[in-house]
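Enquirer: Dropping the structure in here first, questions after.
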Amino acid sequence: MHTHEDTTNTIRQPAVAGHFYPASAGELQAAVSDYLSRARPVQPPPKAIIAPHAGYVFSGPVAASAYAGWRELADSVRRIVLLGPAHRVYLRGMAVPASRTFMTPLGNIPVDQQAVAAISGMPGVITDDLPHAGEHSLEVQLPFLQVLFPAFSLVPVVVGDAGADTVAAVLEKLWGGDETRIVISTDLSHYHDYGTAREIDTATSAAIAALEIDGIGPEQACGCMPLRGMMQFARDHGLQISELDRRNSGDTAGPRDHVVGYGAYAIRD
């Protein structure tokens, strides 16, 4: 008898390969390795980082500044908790995927089923593949993680309209020990001229370092919801957030009349 297996959505396919980053595995590996080799690793390696999520030509060098501190952790990291904003669908709260695997041109990453199950019943957390399907804010982080870590499981969380406390509670649940690292995915200001963007992003960076949650809204950072949650967690636990790098698309690969800001930050005690 033929039994029907439900294979719907077991693998979350890449949505922005060939667009935000190279679709060829060789090119992608080389690009990420190159960005990482040019970035200065911060010491000691941070428990959590904040990294941008634009096309690699724009934000790759800044993302590498956040990831470089993890270059020596290849053997010890087993789990990555990744929170990024919902760009494509309106989402109340947060969404974990039903998919069991996330794929990039560099291969497949298993979703940590135990961790997903641990938070799926929490306030504000739903299980839904739709917010994940087209979302680039998580996807563009994956190749950096794959180049750094030979084997890890992923806890992917798309964050929509969610209060800082709700996000902080999820971070609390998933914080773990040395085997777990956390990535918050956000860009800074959007579509100002170069000078205005620098002013806004400088103020935003100061607010992040001071853990002034009220200073961070959608105008300051597109990932303001996951970022505010991390800031709340840092406040609750006496952690510090320090800037590692800050540039905008006018510095990296674009015109200066209409830029997007990018920042890299480390979170540690």
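The values are calculated or read from the model by the stated rules, or taken from the named source; none is laboratory data. The model shown is predicted, which means the values in this text are computed figures rather than measured ones. Cβ placement follows ideal geometry from the backbone for every residue including glycine, while neighbour counts extend to all protein chains displayed. Keep in mind that these areas ignore ligands, DNA and RNA; they rest on the heavy atoms of the full protein, side chains included. Shrake-Rupley method; radii C 1.70, N 1.55, O 1.52, S 1.80 Å.
Enquirer: Just the residues that are surrounded by fewer than 22 Cβ atoms within 10 Å (Cβ to Cβ) and of a type in the set (Asp, Glu), please, taken from segment 183-222.
Expert: The answer is Asp193, Glu199, Glu212, Asp214, Glu219.
Enquirer: Here is a follow-up. Got at least one residue in segment 180-202 being under 22 Å from Val77 (Cα atoms) and not β-branched (Val, Ile, Thr)?
Expert: Checked segment 180-202: at least one residue is under 22 Å from Val77 (Cα atoms) and not β-branched (Val, Ile, Thr).
Enquirer: Consider segment 32-41. How many of its residues are outside any helix (DSSP H, G or I) and open to solvent by 30 Å² or more (accessible area, probe 1.4 Å)?
Expert: The initial filter retains those residues of segment 32-41 that are outside any helix (DSSP H, G or I), namely 39-41.
Next, from what is left, pick out any that are open to solvent by 30 Å² or more (accessible area, probe 1.4 Å): 40-41.
So the count comes out to 2.
Enquirer: Next question. For segment 46-159, which fully contained strands (runs of 3 or more DSSP E) count at least 2 residues that are open to solvent by less than 30 Å² (accessible area, probe 1.4 Å) and either touching a Ser or Thr at 6+ places or on another chain (Cβ under 7 Å) or modelled with pLDDT of 95 or more (or both)?
Expert: 48-51, 79-85, 94-96, 101-104, 107-110, 153-159
Enquirer: Here's something else I'd like to know. So which residues in segment 160-172 are in a helix (DSSP H, G or I) and either under 20 Å from Gln13 (Cα atoms) or among the charged types (D, E, K, R) (or both), if there are any at all?
Expert: Initial filter on segment 160-172 (in a helix (DSSP H, G or I)): 164-172.
Asp165, Glu172 - these are the residues of segment 160-172 that are in a helix (DSSP H, G or I) and either under 20 Å from Gln13 (Cα atoms) or among the charged types (D, E, K, R) (or both).
Enquirer: Does Thr252 meet the test of being out of contact with any Phe, Trp or Tyr (no Cβ under 7 Å at 6 or more places or on another chain), at negative phi and among the β-branched types (Val, Ile, Thr)?
Expert: Working: out of contact with any Phe, Trp or Tyr (no Cβ under 7 Å at 6 or more places or on another chain): no; at negative phi: yes; among the β-branched types (Val, Ile, Thr): yes.
No; evaluated as a whole, the condition is false for this residue.
Enquirer: Same structure, new question: Tell me yes or no: at least one residue of segment 9-18 is buried (at least 20 other Cβ atoms within 10 Å of the Cβ) and touching a His at 6+ places or on another chain (Cβ under 6 Å).
Expert: yes
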